[in-house]
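Okay, so here's the structure we're looking at.
The values are calculated or read from the model by the stated rules, or taken from the named source; none is laboratory data. What you see is a predicted model; the values in this text were computed from it and never measured. Note that each Cβ is placed from the backbone with ideal geometry, even for glycine, and that neighbours are counted across all protein chains shown.
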């Protein structure tokens, strides 16, 4: 989604508002418009992200995210296949879930997507299972502190 047309509309509105002003006022308005453009762009992206989160919460199924592609955001909608989602209930787990936004290097994201695809899972399911494995104490992973050294 290109934000430039919207930002240009705001700049045009500022120019229209100062059309009857003197040259110095119009020049200052033009400078202000160019200075606030990055802030407006960021506010628009935040608005789109908030809308995506709200829609995701209300739709109860698909996950809508906003990703940056260059300077412009793009919508991504992921439909999780309910049959592919596995719930490994853990003691103390309830039906609530938390939403977390994580920024990953593109290379890491691509490797995670490939691993999820190889496992026949959605990226979300794969990440949840990886986090569970990483945060579950594993009794077989403890190493013995006894070492054997010397000549055989």
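Observations on the structure shown:
- Residues being at pLDDT below 90 and in a loop (DSSP other than H, G, I, E, B) - total across segment 20-62: 3
- Restricting segment 1-19 to residues that are farther than 30 Å from residue 101 by Cβ and in a helix (DSSP H, G or I), the residue that is nearest to the chain's Cα centre (by Cα) is 11.
- On inspection, residue 77 fails the criterion of being surrounded by 10 or more Cβ atoms within 10 Å (Cβ to Cβ) and modelled with pLDDT of 90 or more.
- Count of residues meeting criterion [exposed (fewer than 14 other Cβ atoms within 10 Å of the Cβ) and either in contact (Cβ under 8 Å) with a residue 12 or more places away in the chain or touching a helix residue (DSSP H, G or I) at 6+ places or on another chain (Cβ under 6 Å) (or both)] in segment 35-56: 0
- Exactly one residue among 66, 108 is surrounded by 13 or more Cβ atoms within 10 Å (Cβ to Cβ) and modelled with pLDDT of 85 or more, and that residue is 66.
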